[in-house]
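Comments concern the structure below.
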Amino acid sequence: MRLSLILIAAVSGLAGCTQEARQIGPTVPQTAPVGNTDPRIPAYQSNIYQVAQGGRYFLWYGCSSCHAEGAPGHLNLARQDRRRGNGFARVFDVIAHGHGPRDYANRIPVEQLWQITAYVRDLPLHYPEKRRRLAADQTAEPTGKTWTGPQ
């Protein structure tokens, strides 16, 4: 009886040994998007969690101090025409490098830049109720002034 239990345990153990699926390499982007057809873009742009995280970082880093709802001209990122013609890679580049002397690419981690980009590209799709809900959700979040990053 004891020998048969040992044999059953050994066979069960061997049957459980299969190839383990492992992901090789980093799970988060380490580089900027390579054009608007970069295969990593849907994992951020079409992912509610990633867009929401981008909203948190948008607030934390003080982006809303210049880009608040109703901001004048090009500072108003929620305008409907902002989404057309502004592909993911271009918006990423403007956030990372297009803020004059503030080079956010050297101050904000790459994955957070991806998330902020997804959020900014999602802004024109936010209807008033969604904006109010996001504002309510973010009331307890830390809010930065115009962020200068680590010195």
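All of (1) on the phi < 0 side of the Ramachandran plot; (2) out of contact with any Leu (no Cβ under 6 Å at 6 or more places or on another chain) hold for Gly35 with one exception: (1). In summary, Leu59 fulfils each of the numbered conditions (1) within 18 Å of Arg133 (Cα to Cα); (2) without any contact (Cβ under 8 Å) to a residue 12 or more places away in the chain; (3) part of a helix (DSSP H, G or I) with the single exception of condition (2).
Answer with yes or no whether Arg84 is modelled with pLDDT under 90, in a helix (DSSP H, G or I) and not aliphatic (A, V, I, L, M). In short, no.
Please go through the stretch 114-123 and give me each residue that is of a type outside the set (Val, Ile, Thr) and within 17 Å of Cys66 (Cβ to Cβ), ordered by number. First the steps, then the outcome.
Initially, the stretch 114-123 is screened for residues of a type outside the set (Val, Ile, Thr), giving 114-115, 118-119, 121-123.
Within the stretch 114-123, Tyr119, Leu123 meet the criteria.
List the pairs whose first member sits in the stretch 102-118 and is within 9 Å of Tyr44 (Cα to Cα), whose second member is not in a helix (DSSP H, G or I), and whose Cβ atoms are under 7 Å apart, counting only residues at least 6 apart or on separate chains? Taking only residues 6 or more apart or on different chains, the pairs are Trp114/Pro29. Kindly check whether there is at least one residue in the stretch 51-59 that is exposed (fewer than 10 other Cβ atoms within 10 Å of the Cβ) and either modelled with pLDDT of 75 or more or more than 16 Å from the chain's Cα centre (by Cα) (or both). No.
Tell me which residues, restricted to the stretch 30-50, are in contact (Cβ under 8 Å) with a residue 40 or more places away in the chain, over 9 Å from the mean Cα position of the chain (by Cα) and closer than 18 Å to Pro124 by Cβ.
Here is the first cut: in the stretch 30-50, the residues in contact (Cβ under 8 Å) with a residue 40 or more places away in the chain are 30-36, 38, 40-41, 44-45, 47, 50.
Right, trim to over 9 Å from the mean Cα position of the chain (by Cα) and you get 30-36, 38, 40-41.
Residues satisfying the conditions are Asn36, Ile41.
The values are calculated or read from the model by the stated rules, or taken from the named source; none is laboratory data. As the structure is a computational prediction, the values presented were derived from the model and not from experiment. Note that each Cβ is placed from the backbone with ideal geometry, even for glycine, and that neighbours are counted across all protein chains shown.
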